[in-house]
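Asker: I'd like to ask you about the structure that follows.
The values are calculated or read from the model by the stated rules, or taken from the named source; none is laboratory data. Keep in mind the model is a prediction, meaning the values are calculated, not measured. Counting neighbours? That spans all protein chains shown, and the Cβs are built from the backbone with ideal geometry, glycine included.
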Amino acid sequence: MAIKVIKVLEDVLGANTELAKKNQARLDEHGILTINIMASPGAGKTSLIMQTIKNLKAEINIAVIEGDVASSLDAETVNAQGIPAVQINTAGGCHLDANMIAKAMDELSLENIDLMFIENVGNLICPAEFDLGEHKRVMILSLPEGDDKPHKYPLMFSEADVIILNKHDLLPLLDFDMPAFRKVIAGLNPKAKIFPVSCKTGEGIEAWLDWIRGEIKKANQRLP
Amino acid sequence: MHEFSITQNILAISLEKAAEAQASSIIKIRIGIGELSGIVDDCVKQYFDFLSQDTIASQATLSFEHIPVKLQCRHCQTVFSPDRDNWACPNCQQLNSEITGGRDCYVESIEMEVA
């Protein structure tokens with residue numbers, strides 16, 4: 001018997017990343033803009049999706065993949081709007097991965113979709129590490145969570161293309177330091193767009209909708 | 001639960017490499033964990049003990065190397081490892097850095113017994 005040491009240096013998430021690339025190629029074939037929505041539980045992921053559906057469903061075809069630890073409540077809420085939704089229950093898992101998305105995509109008729117939301121599991125840590133094949137990462141911070149969150153979860157904030165500041169209507173009641181927050185984000189992730197909104201009152205939603213409209217145009221340009 | 005899928009991948013990569021090398025058993029797996037990856041090594045160990053049962057890795061020990069966060073200042077290009085919460089550049093004090101290390105988790109090397 002001999003002992004042998006081999007150098008491997010293989011990324012543990014390599015298989016997921018490969019599968020995510022395949023997902024994205026499949027989405028691009030159909031020109032579907034895909035947005036991965038990440039946030040803590042209760043920050044407003046479903047509310048943002050519902051607001052967007054309400055405002056854009058006359059213009060474009062939307063579909064939703066809902067990730068939750070358990071239950072199909074969110075998918076039912078979306079379905080009630082006449083929007084196709086696939087529920088993924090992660091059975092305790094803290095994030096979605098590319099394989100789950102590949103399976104969920106099989107259940108949707110991709111030729112009829114312009115915009116697909118993937119609502120990730122409520123968590124500010126793990127989802128940031130798993131590429132799903134999305135085109136854009138959107139994270140929601142609701143103001144009551146506090147302006148210190150980028151210090152505690154830097155990866156999530158540094159990877160987001162868009163940061164939605166939800167529950168903006170509550171700002172007068174909170175100690176949320178907006179200039180300090182913007183300064184930290186400008187350092188961590190200068191390219192991130194920040195949209196303060198209130199999914200409850202509709203305040204600020206128009207800027208978010210315009211951003212989506214612009215990105216859908218880009219997705220159509222990716223069509224083969 | 002995050003560590004569960006991570007551990008499944010570590011085991012799969014190790015068993016694949018060991019099979020390629022025609023190993024009879026895996027003795028040790030060295031794993032690099034970036035500080036920003038949020039992976040807890042004790043948790044990986046526990047899952048590994050469970051998942052590796054009935055494989056040639058069942059007796060393997062895991063050793064972890066923690067890779068510190070590495071940042072590069074976009075302003076003055078200084079490369080530094082930040083203190084826990086303070087990501088300001090130690091040279092120019094600007095808070096404007098790019099993450100250049102400490103994100104990944106990878107299997108570094110595998111020690112195995114070959115006939």
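To keep it simple, each residue is scored yes or no on (1) surrounded by fewer than 14 Cβ atoms within 10 Å (Cβ to Cβ); (2) of a type in the set (S, T, N, Q); (3) at pLDDT 95 or above.
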residue	(1), (2), (3)
B:D54	yes, no, yes
B:S58	yes, yes, yes
B:L62	no, no, yes
B:P68	yes, no, no
B:C73	no, no, no
B:R84	yes, no, no
B:Q93	yes, yes, no
B:G102	no, no, no
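Asker: Assuming B:T78 fulfils every condition listed in (1) surrounded by fewer than 17 Cβ atoms within 10 Å (Cβ to Cβ); (2) facing another protein chain (nearest Cβ under 7 Å) apart from one, which condition is it?
Answerer: (2)
Asker: Quick one: is B:I31 in contact with a Phe, Trp or Tyr (Cβ under 8 Å, 6 or more places away or on another chain) and at pLDDT 90 or above? Talk me through it step by step, then tell me what you get.
Answerer: On the way: in contact with a Phe, Trp or Tyr (Cβ under 8 Å, 6 or more places away or on another chain): yes; at pLDDT 90 or above: yes.
Yes.
Asker: Let me ask something additional. For the stretch B:33-53, indicate whether the set of residues that are outside any helix (DSSP H, G or I), within 12 Å of chain A (Cβ to nearest Cβ), under 17 Å from A:K7 (Cα atoms) and under 18 Å from the mean Cα position of the chain (by Cα) is non-empty.
Answerer: yes
Asker: Condition test on A:L173, is it of a type outside the set (G, A, S) and surrounded by fewer than 18 Cβ atoms within 10 Å (Cβ to Cβ)?
Answerer: Working: of a type outside the set (G, A, S): yes; surrounded by fewer than 18 Cβ atoms within 10 Å (Cβ to Cβ): yes.
Taking the combined requirement at face value, the residue satisfies it.
Asker: Does the stretch A:23-35 contain any residue that is touching a strand residue (DSSP E or B) at 6+ places or on another chain (Cβ under 8 Å), away from every other protein chain (no Cβ under 14 Å), assigned to a loop (DSSP other than H, G, I, E, B) and surrounded by fewer than 20 Cβ atoms within 10 Å (Cβ to Cβ)?
Answerer: No, the stretch A:23-35 has no match at all.
Asker: Filter the stretch B:1-13 down to the residues that are crowded, with 17+ Cβ neighbours inside 10 Å and more than 8 Å from chain A (Cβ to nearest Cβ), then identify the one that is nearest to A:V121 (Cα to Cα).
Answerer: Per the stated criteria, the residue is B:E3.
Asker: Testing B:I33 on (1) touching a His at 6+ places or on another chain (Cβ under 8 Å); (2) surrounded by 18 or more Cβ atoms within 10 Å (Cβ to Cβ); (3) closer than 25 Å to A:I185 by Cα, one condition comes back false. Which one is that?
Answerer: Here B:I33 clears every test but (3).
Asker: Here's something else I'd like to know. Taking the condition in a strand (DSSP E or B) and either touching a His at 6+ places or on another chain (Cβ under 7 Å) or aliphatic (A, V, I, L, M) (or both), does B:I56 pass? Before you say what the answer is, go through the steps one by one.
Answerer: Values: in a strand (DSSP E or B): no; either touching a His at 6+ places or on another chain (Cβ under 7 Å) or aliphatic (A, V, I, L, M) (or both): yes.
So B:I56 fails the test.
Asker: Further, regarding this structure: Scan the stretch A:76-101 for residues that are farther than 22 Å from A:S40 by Cβ, assigned to a loop (DSSP other than H, G, I, E, B) and in contact with a strand residue (DSSP E or B) (Cβ under 7 Å, 6 or more places away or on another chain) and report the count.
Answerer: Count: 2.
Asker: Moving to a separate point now. Condition (residue is surrounded by 18 or more Cβ atoms within 10 Å (Cβ to Cβ), farther than 24 Å from A:G93 by Cα, free of Cβ contacts under 8 Å to residues at least 60 places away in the same chain and hydrophobic (A, V, I, L, M, F, W, C)) applied to the stretch A:129-149: is it met by at least one residue?
Answerer: Yes, the conditions are met somewhere in the stretch A:129-149.
Asker: I'm checking my understanding of the structure. Among residues of the stretch A:190-205 that are touching a Phe, Trp or Tyr at 6+ places or on another chain (Cβ under 7 Å) and either buried (at least 21 other Cβ atoms within 10 Å of the Cβ) or in contact (Cβ under 8 Å) with a residue 40 or more places away in the chain (or both), which one is farthest from the other protein chains (Cβ to nearest Cβ)? I'd like the intermediate steps shown before the answer.
Answerer: Our first condition is that a residue be touching a Phe, Trp or Tyr at 6+ places or on another chain (Cβ under 7 Å); within the stretch A:190-205, this holds for A:193, A:195, A:197, A:204.
Restricting the remaining residues to those that are either buried (at least 21 other Cβ atoms within 10 Å of the Cβ) or in contact (Cβ under 8 Å) with a residue 40 or more places away in the chain (or both) gives A:195, A:197.
On the way: A:F195: 22, A:V197: 25 Å.
Restricting to residues being touching a Phe, Trp or Tyr at 6+ places or on another chain (Cβ under 7 Å) and either buried (at least 21 other Cβ atoms within 10 Å of the Cβ) or in contact (Cβ under 8 Å) with a residue 40 or more places away in the chain (or both), the top hit is A:V197.
Asker: Might you let me know whether the stretch A:66-75 holds any residue that is assigned to a strand (DSSP E or B), surrounded by 13 or more Cβ atoms within 10 Å (Cβ to Cβ) and in contact with a Pro (Cβ under 9 Å, 6 or more places away or on another chain)?
Answerer: Of all residues in the stretch A:66-75, those assigned to a strand (DSSP E or B) come to A:66-68.
Next, from what is left, pick out any that are surrounded by 13 or more Cβ atoms within 10 Å (Cβ to Cβ): A:66-68.
After this cut, where a residue has to be in contact with a Pro (Cβ under 9 Å, 6 or more places away or on another chain) as well, the list is A:67.
Among the residues of the stretch A:66-75, at least one is assigned to a strand (DSSP E or B), surrounded by 13 or more Cβ atoms within 10 Å (Cβ to Cβ) and in contact with a Pro (Cβ under 9 Å, 6 or more places away or on another chain), which makes the answer yes.
Asker: May I ask you to list the residues in the stretch A:36-51 that are surrounded by 19 or more Cβ atoms within 10 Å (Cβ to Cβ) and over 14 Å from the mean Cα position of the chain (by Cα)?
Answerer: Within the stretch A:36-51, just A:Q51 meets the criteria.
Asker: Could you grab me the full set of residues in the stretch A:105-123 that are free of Cβ contacts under 8 Å to residues at least 40 places away in the same chain and either of a type in the set (A, V, I, L, M, F, W, C) or touching a helix residue (DSSP H, G or I) at 6+ places or on another chain (Cβ under 7 Å) (or both)? Before the answer, list the steps.
Answerer: Going residue by residue through the stretch A:105-123, those that are free of Cβ contacts under 8 Å to residues at least 40 places away in the same chain are A:106-107, A:109.
Matches in the stretch A:105-123: none.
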